[in-house]
Amino acid sequence: MRRRQFITQTGLSLAFVGFCRNSGIASALLNPAYNMKPLRNGVGIFTEQGGTIGWLVNPDGIVVVDSQFPEPAAHLLSELKNQSQQPVSYLINTHHHGDHTGGNIAFKGIAGHVVAHVNSAANQKRVTAGKEDRQLYPDKVFDKEWSSKIGGNEITCRYFGAGHTDGDAIIHFDDANIVHMGDLVFNKRFPFIDRSSGASISNWIMVLDKTLKTFDNDTLYIFGHALDPEKVTGGKDDVKAMRNFLDKLLNYVSGEIKKGKTKEEIIKATSIPGAEDFAGQGIERGLTAAYDELTA
């Protein structure tokens, strides 16, 4: 006769963890799918699904940069509540794309204000027309610069011109010297270049040049996306690498056009000469955007 053994739910969990310890399944079960990571001086990042979220928590309030989607945004808010009972003073959008603003609605009645560049706000309303009940739009917009203090921490949003879209804001947590670049930097990953929303590769290069001149060598950058999920933060060299990729992309496509290559032939490339460290999916999107910009 088979002996039956009854154990508590906790005991079962521990037994199962022990059973699958070597396979890595236990780690996946015990750790959440998202990552809440502090950086320095009360500023950190949150990653789950979509563009990297930045956050600031201090005794006087909370600031969040970007919102991913509703479910990740809810996870973030739960984690922030564990850290502080202070209100969310500002939700800042780096630009309008859904993987950065889709979770705005989770901040309805929670965030004091939603901040974005004027073009970003307009783009957001354009692409979500007819779905207004599912979105929380910016109520504070700026043209060149906006800043506010939360406790002793000043947050400054700057607009250096069109790049990834025509409304990309750069957010500087001054006290921590941390800059959220949004999708102006895809770290070693082929970027999405949204020409339908005013993107300009040539101007994007100038935006990164101005960024490098504005911030110092100790600045820590937060990137919207990265080929390696663990490298959504980095330094000046990573920003320079992004600039180099865009420059080489334009040079390569320009050279191919001069050789008489068709668009269809050009977008078959699998790497960009001089920027082979960029990889992943979507190279054809960048090649298409470069071709369209150069032949417009």
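When Asp60, Asp66 are checked against the criterion of being in contact (Cβ under 8 Å) with a residue 40 or more places away in the chain and open to solvent by 10 Å² or more (accessible area, probe 1.4 Å), Asp60 stands alone in meeting it. Please work out if Ser89 is touching a strand residue (DSSP E or B) at 6+ places or on another chain (Cβ under 7 Å), over 19 Å from Cys157 (Cβ atoms) and open to solvent by less than 30 Å² (accessible area, probe 1.4 Å). The answer is no for Ser89. The set of residues from segment 92-118 being buried (at least 20 other Cβ atoms within 10 Å of the Cβ) and of a type in the set (Val, Ile, Thr) comprises Ile92, Thr94, Thr101, Val114, Val115. Against the test of being in contact with a strand residue (DSSP E or B) (Cβ under 7 Å, 6 or more places away or on another chain) and hydroxyl-bearing (Ser, Thr, Tyr), the options Tyr252, Tyr221 yield a single qualifying residue, Tyr221.
Summed over segment 151-189, the residues that are under 17 Å from Ile62 (Cβ atoms), open to solvent by less than 10 Å² (accessible area, probe 1.4 Å) and touching a Gly at 6+ places or on another chain (Cβ under 9 Å) give a count of 5. Filtering segment 80-112 to residues that are of a type in the set (Val, Ile, Thr), closer than 20 Å to Asp60 by Cβ and part of a loop (DSSP other than H, G, I, E, B) leaves only Ile110. Quick one: would you say Lys261 is over 16 Å from the mean Cα position of the chain (by Cα) and at pLDDT 95 or above? Yes: the conditions hold for Lys261. Determine whether Leu208 is within 17 Å of the chain's Cα centre (by Cα) and either surrounded by 14 or more Cβ atoms within 10 Å (Cβ to Cβ) or basic (Lys, Arg) (or both). So Leu208 fits the description; yes.
The selection criterion, being at pLDDT 95 or above and open to solvent by less than 10 Å² (accessible area, probe 1.4 Å), holds for Leu249.
Scanning segment 127-158 for residues that are farther than 16 Å from Thr214 by Cα and assigned to a loop (DSSP other than H, G, I, E, B) turns up Thr128, Ala129, Gly130, Lys131, Gln135, Leu136, Tyr137, Pro138, Asp139, Asp143, Gly151, Gly152.
The values are calculated or read from the model by the stated rules, or taken from the named source; none is laboratory data. Quick caveat, the model's predicted, so the values are computed rather than measured. Note that each Cβ is placed from the backbone with ideal geometry, even for glycine, and that neighbours are counted across all protein chains shown. Protein only, heavy atoms only, side chains kept; ligands, DNA and RNA dropped before computing areas. Shrake-Rupley method; radii C 1.70, N 1.55, O 1.52, S 1.80 Å.
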